[in-house]
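Each remark here refers to the structure printed beneath this line.
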Amino acid sequence: MGKTKAPHPGLARHGVVNRSRPLLTCLLLFVAVCSALARAGAAAVSTLPTLQQQPDQSWLVEAAGYRAVIGPDGNLHSFRVGDDEMLDDRIAISLGAFFYAEGPRKLDQISQLGPTTLEATDGTHTAQYHFLRRDIDLYLATRGRAPVPYFVVLSPQITIVSRLGGAEAAAAPCTETWGDVRASTAKGAFIELTGGARIWGPWLGRQVWEVSSVEPGRKIQLRISGGLADPPKPTLEQLIGARVKVDSPNAIVHVDNPLVLQVAIENRSDNALSGLLSMELAACRTDQVLYATAPLQLPPKQATQTSFRASVHAPDFYRARITFSAEGRDLAAARAAAGYRVAEIRSVVPRPDDFREFWQRLLAEVGDQAPEFRLDLAEDRSRDGVSVWVARCAGIADKTISGWYVCPDAAGPLPAILYLSGYGARPIPPPIGLAQRGYAVLAIDVRGNAVDRPRAHPFEDYCTLGIEAPETYVYREIIGHALRALHFLASRQEVDPGRIAVVGVSEGGGLGLILGALSPQVKAVAADAPMLCDFPLSLRAAAWPYTQISRFLQGDPPRAAAVRRTLSYFDVAAFAPDITCPVLLSTGFLDPVSLPAAVYGAFNLIAGPKEAVPFPEAGHEGGGDQFWAYKLDWLANTLRPQPAS
């Protein structure tokens, strides 16, 4: 056989390299691609939302496009985009996003179905949350017999709402049949809501998005998305501003004087506008409504002043709504309220024949001795010169009162304050500021909720519990608890029993006035925007929670007489002639809950020294923070404390 010539060693080596290079290149490329895919996968995993359960049993969700909180009641309480909060769970019955069936539903049975999935239910209504990078897919279902609505209450930071898929936009709050919307803040943060039925407002100044009907046995899907964009361009509604003020000191008009409304309409746009200015003036205690209109020309970049004048005759509060309309729609509106001959307003709430006997029976049940109690020092809450204790006292009906007992480290005897929580029994902080001013303070949760632990139900709606009879009505028990709390305060060695005041806001204010009538231990009452005044008027004209009682009556008309009889035992107006201690109260003339006509109607019946401080532009906050300084001076003059050193 012939010999095969061996290739040149250099050529052999060179030839091997040439043949292997494509394979090595592919191998290197494959490794690089796998590495890139691995990095991308890791990045994708790292940007998935994270869910963390908090000590109060809420869930914190952090995602690329938002930060959300599912409360311990299973509802979406917060949806933050950047620095802007898009939801509002802090007012009235709002839980942020929630089912509503005879009240907001608490879906407190919460389970985690996966790394980014939660399900919350009350056994009937279910919300399943799927958290994505920039969206929340929300599945709603009900096993009840009737359809149930679902609401999302938007933050007051929302300034404009636009319709997804359309060109329409409006200043918030507004009412439109838009089911899919984008709601934006002035800084450009937005929340998109899809799958609903409509938007409406204002509801206490807020925009509400509604899913009108979640049908039994049918799961529906909603999507909540968040993001940042350029701030929305102002609409014409946002460029037109309206203000109205009653031309009378404190918006109180005296006999034989007309009610004059000073109106200012500001046109901040570059265009002149020609429109119509309208006034609606409605009495509170009667059905009287006055209307007036006038044409109005608005030059660009100017404010235009005008006025309306009306003659009213009956002692009452009158609410005015001013509206400017142009280009086929309402562009601006403003509200004001005025009191006319307010010293003559009287609530007509006849006492039941056995009114005194009914309350004497409760006083006998409460007794006149200090209740059994337990005090646990809260060292983490205490401050220099002030000690904070968790107080647990025996209430009535074998129940326990829970509260904060805060006391300055000073020699007694000290003046004392019983602070009563408002409706819904939201958690209350220890009133350290009052103790620093020299008061021993007991702040109680009127429903007996523990004040020092997370609560399964941060809000309660209880105004119809046991309402069919005065003996079973929830407020009998609440008042009994408060009377026991008074006995606790009066029994303390460091407290001067001759210097005890009751302080409260809203329901707490109304309860304080009732205690002022029932107990000689109460030497003063300071009440802001007191509830429980003039139930007949409040059921007809006031907002929630009175609407809960009205709805209860509508649902069972045969029980209406019994319910109205029950309420007559708990009306501040029925107690007012028995209140002889000094009373200070504040009222907001635009309050939709504690109507000023109801508050003044009861206030004018009080027998003892009294003072009502009006806040013409305030709502249910009454005097709010600005009233505190005046109230503290009033308490100091009445109870004479010595500030803690």
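The values are calculated or read from the model by the stated rules, or taken from the named source; none is laboratory data. None of the values given here were measured: they were computed from a predicted structure. Neighbour counts are summed over all protein chains in view; Cβ atoms, including those assigned to glycine, are modelled from backbone coordinates with ideal geometry.
Just one of (1) charged (D, E, K, R); (2) at positive phi; (3) out of contact with any helix residue (DSSP H, G or I) (no Cβ under 8 Å at 6 or more places or on another chain) fails for Asp534. It is (3). Considering only residues in segment 489-518 that are part of a strand (DSSP E or B) and over 34 Å from the mean Cα position of the chain (by Cα), the one that is farthest from Cys581 (Cα to Cα) turns out to be Val495. Any residue at all in segment 423-432 that's assigned to a strand (DSSP E or B) and touching a residue at least 60 places away in the same chain (Cβ under 8 Å)? Checked against the condition, which is being assigned to a strand (DSSP E or B) and touching a residue at least 60 places away in the same chain (Cβ under 8 Å), segment 423-432 yields no hits at all. Quick one: which residue in Gly601, Gly622 is at positive phi, in contact with a Ser or Thr (Cβ under 8 Å, 6 or more places away or on another chain) and buried (at least 19 other Cβ atoms within 10 Å of the Cβ)? One residue alone meets the criteria, Gly622.
Within segment 103-118, the set of residues being out of contact with any Gly (no Cβ under 6 Å at 6 or more places or on another chain) and either over 21 Å from Trp209 (Cβ atoms) or modelled with pLDDT of 95 or more (or both) comprises Gln109, Ser111, Gln112, Leu113, Gly114, Pro115, Thr116, Thr117, Leu118. Restricting segment 198-230 to residues that are small (Gly, Ala, Ser) and surrounded by 16 or more Cβ atoms within 10 Å (Cβ to Cβ) leaves a set whose member that is modelled with the lowest pLDDT is Gly201. Taking the criterion of being hydrophobic (A, V, I, L, M, F, W, C) and either assigned to a strand (DSSP E or B) or buried (at least 21 other Cβ atoms within 10 Å of the Cβ) (or both), the residues of segment 568-591 that qualify are Phe570, Val572, Ala573, Ala574, Phe575, Ala576, Ile579, Cys581, Val583, Leu584, Leu585, Phe589.
Any idea which residue in segment 109-140 is surrounded by the fewest Cβ atoms within 10 Å (Cβ to Cβ), counting only those that are of a type in the set (D, E, K, R) and either within 18 Å of the chain's Cα centre (by Cα) or over 21 Å from Cys463 (Cβ atoms) (or both)? Result: Arg133.
Scanning segment 229-252 for residues that are touching an Asp or Glu at 6+ places or on another chain (Cβ under 9 Å) and either of a type outside the set (Gly, Ala, Ser) or in a loop (DSSP other than H, G, I, E, B) (or both) gives Leu236, Glu237, Leu239, Ile240, Arg243, Lys245. Would you be able to say whether some residue in segment 195-207 is in contact with a Lys or Arg (Cβ under 8 Å, 6 or more places away or on another chain) and in a strand (DSSP E or B)? Scanning segment 195-207, I find no residue that is in contact with a Lys or Arg (Cβ under 8 Å, 6 or more places away or on another chain) and in a strand (DSSP E or B), so the answer is no. What is the one condition in (1) under 23 Å from Ile428 (Cα atoms); (2) not in a loop (DSSP other than H, G, I, E, B); (3) not basic (Lys, Arg) that Ala561 does not satisfy? It is condition (1) that Ala561 fails.
Somewhere in segment 487-503, is a residue within 28 Å of Asp73 (Cβ to Cβ) and surrounded by fewer than 22 Cβ atoms within 10 Å (Cβ to Cβ)? Scanning segment 487-503, I find no residue that is within 28 Å of Asp73 (Cβ to Cβ) and surrounded by fewer than 22 Cβ atoms within 10 Å (Cβ to Cβ), so the answer is no. Checked against (1) out of contact with any Gly (no Cβ under 8 Å at 6 or more places or on another chain); (2) under 20 Å from Ala189 (Cβ atoms); (3) of a type in the set (Val, Ile, Thr); (4) touching a residue at least 12 places away in the same chain (Cβ under 8 Å), Thr126 meets all criteria but (2). A search for C-beta distances below 6 Å between a residue of segment 156-177 that is free of Cβ contacts under 8 Å to residues at least 24 places away in the same chain and among the aromatic types (Phe, Trp, Tyr) and any residue that is crowded, with 17+ Cβ neighbours inside 10 Å and assigned to a strand (DSSP E or B), counting only pairs 6+ apart in sequence or on different chains, returns nothing.
One line per residue, one yes/no per condition, for (1) crowded, with 18+ Cβ neighbours inside 10 Å; (2) farther than 20 Å from Pro430 by Cβ:
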| position | (1), (2) |
| --- | --- |
| Ser347 | yes, yes |
| Asp380 | no, no |
| Asp384 | no, no |
| Asp398 | no, yes |
| Pro408 | yes, no |
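The selection criterion, being assigned by TED's automatic domain parsing to the domain that holds Lys245 and farther than 30 Å from Ser538 by Cα, holds for Ala303.
For residues in segment 304-318 being in contact (Cβ under 8 Å) with a residue 60 or more places away in the chain and not hydroxyl-bearing (Ser, Thr, Tyr), which is surrounded by the most Cβ atoms within 10 Å (Cβ to Cβ)? Among those that are in contact (Cβ under 8 Å) with a residue 60 or more places away in the chain and not hydroxyl-bearing (Ser, Thr, Tyr), it is Phe317. Filter segment 610-628 for residues that are under 22 Å from Pro315 (Cβ atoms) and outside any strand (DSSP E or B); which is modelled with the lowest pLDDT? Restricting to residues being under 22 Å from Pro315 (Cβ atoms) and outside any strand (DSSP E or B), the top hit is Gly622. Hey, any hits in segment 360-380 for a residue that's free of Cβ contacts under 8 Å to residues at least 24 places away in the same chain, over 24 Å from Cys463 (Cβ atoms), in contact with a strand residue (DSSP E or B) (Cβ under 7 Å, 6 or more places away or on another chain) and in a loop (DSSP other than H, G, I, E, B)? The answer is yes; a qualifying residue exists. If you filter segment 306-351 down to residues that are within 32 Å of the chain's Cα centre (by Cα) and among the polar types (S, T, N, Q), you find that the one that is nearest to Ala264 (Cα to Cα) is Thr323.
Within segment 386-396, take every residue that is outside any loop (DSSP other than H, G, I, E, B) and of a type in the set (Gly, Ala, Ser) and give me the one that is surrounded by the most Cβ atoms within 10 Å (Cβ to Cβ). By that ranking, first place goes to Ala391.
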